[in-house]
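Undergrad: This structure is in structure tokens; I'll ask about it shortly.
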Amino acid sequence: MATPRTIAIDGPAGAGKSTIGALLAERLGSLFLDTGAMYRALAVAAERRGIDPDDADRLTALARDVRIVIGPPTVRDGRTYTVLLDGSDVTWEIRSPAIDGIVSLVARVAGVREAMVEQQQAIAAKGRVVMVGRDIGTVVLPNADRKIFLTASAAERARRREEELALRGQARPQVLQEILRRDMLDSTREVAPLRPADDAVTVETDGLTVGEALEKVHAAVMLPAR
Ligand code: DC
């Protein structure tokens, strides 16, 4: 079967979208784009300029003004990709607790989403892509060849997040509460809330290893479209 050209993977924070999406893209020889990293880079830009995460007008102007580029890793330090914000490397900064705290607020602004979606669609128009986020199957690529909704229980997602932080030598309190807070913000916002597209295949990853989850998603992607 021919490799689907556009694959949309959506799901809540910590479901494994980036890990699985990157591995799937590598296997299929497609470009990988983690759209969450774009919203995170914009949150870094807002923080650096002291813009209030509730200031929709300034955030919208900022989204039109900054240049966010996500490309192959430029440093071998465990990163899956490099994120440049106006040329400066913010790959790790976008994962800081401060950014975790404001990114969902930045991402709920309609003008911000418009600017990001435009860029994401332009990237998908260039060739084969695996794109991961919250609204890829519903808004960004409603005609994607395959749509996956990747999910896991909040407890499992919190456990994975703690493991990932531990690997980086970090520990944070209230990881589960933080995940639940982001789930709530992402799925109740007015514009493009997190929800499975009607034609998405839901893949649950509770209790699965990365390899097992990858096989499950790969199998779902290779099924005939729904
Ligand atoms: O996937 P992530 O945790 O890196 O995403 C960071 C935030 O960006 C998340 O709280 C929701 C938002 N986001 C979004 O609104 N739409 C997307 N397509 C991707 C992420």
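Undergrad: Any idea which residue in region 181-196 is farthest from the ligand (Cβ to nearest atom), counting only those that are closer than 15 Å to Ala15 by Cβ and either assigned to a loop (DSSP other than H, G, I, E, B) or open to solvent by 70 Å² or more (accessible area, probe 1.4 Å) (or both)?
TA: Pro196
Undergrad: Answer with yes or no whether Glu178 is more than 16 Å from Pro97 (Cα to Cα), open to solvent by less than 80 Å² (accessible area, probe 1.4 Å) and assigned to a helix (DSSP H, G or I).
TA: In short, no.
Undergrad: Mind listing whichever residues of region 199-217 are more than 13 Å from Gly137 (Cβ to Cβ), open to solvent by 40 Å² or more (accessible area, probe 1.4 Å) and in a loop (DSSP other than H, G, I, E, B)?
TA: Once the filter is applied, which keeps residues that are more than 13 Å from Gly137 (Cβ to Cβ), open to solvent by 40 Å² or more (accessible area, probe 1.4 Å) and in a loop (DSSP other than H, G, I, E, B), region 199-217 yields Asp206, Gly207, Leu208, Thr209.
Undergrad: Specify the residue that is farthest from Gly169 (Cα to Cα); the eligible residues are those in region 80-128 that are within 9 Å of the ligand (Cβ to nearest atom) and open to solvent by 40 Å² or more (accessible area, probe 1.4 Å).
TA: The qualifying residue farthest from Gly169 (Cα to Cα) is Arg108.
Undergrad: Can you report the number of residues in region 1-53 which are of a type in the set (Val, Ile, Thr) and under 16 Å from Val203 (Cβ atoms)?
TA: Residues flagged as of a type in the set (Val, Ile, Thr) and under 16 Å from Val203 (Cβ atoms) within region 1-53 amount to 4.
Undergrad: Can you run down the residue pairs with Cβ atoms below 6 Å, 6 or more apart or on separate chains, where the first is in region 114-133 and farther than 20 Å from Ala200 by Cβ and the partner is assigned to a strand (DSSP E or B) and within 13 Å of the ligand (Cβ to nearest atom)?
TA: Ile123/Leu33
Undergrad: I'd like to check something: does region 32-40 contain any residue that is open to solvent by 10 Å² or more (accessible area, probe 1.4 Å) and more than 19 Å from the chain's Cα centre (by Cα)?
TA: Among the residues of region 32-40, not one is open to solvent by 10 Å² or more (accessible area, probe 1.4 Å) and more than 19 Å from the chain's Cα centre (by Cα), which makes the answer no.
Undergrad: Check whether at least one residue in region 147-162 is open to solvent by 30 Å² or more (accessible area, probe 1.4 Å), within 26 Å of Thr60 (Cα to Cα), out of contact with any strand residue (DSSP E or B) (no Cβ under 7 Å at 6 or more places or on another chain) and touching a residue at least 60 places away in the same chain (Cβ under 8 Å), and report yes or no.
TA: no
Undergrad: Now a separate question. So, in region 10-20, of the ones that are more than 10 Å from the ligand (Cβ to nearest atom) and not polar (S, T, N, Q), which residue ends up most open to solvent (accessible area, probe 1.4 Å)?
TA: So, considering only residues that are more than 10 Å from the ligand (Cβ to nearest atom) and not polar (S, T, N, Q), the one most open to solvent (accessible area, probe 1.4 Å) is Gly16.
The values are calculated or read from the model by the stated rules, or taken from the named source; none is laboratory data. Since this is a predicted model, take the numbers as computed values, not measurements. Every residue, glycine as well, gets a Cβ built from its backbone with ideal geometry; the counts of neighbours run over all protein chains shown. Remember, those area values only see protein heavy atoms, side chains included, never the ligands or the DNA or RNA. Shrake-Rupley method; radii C 1.70, N 1.55, O 1.52, S 1.80 Å.
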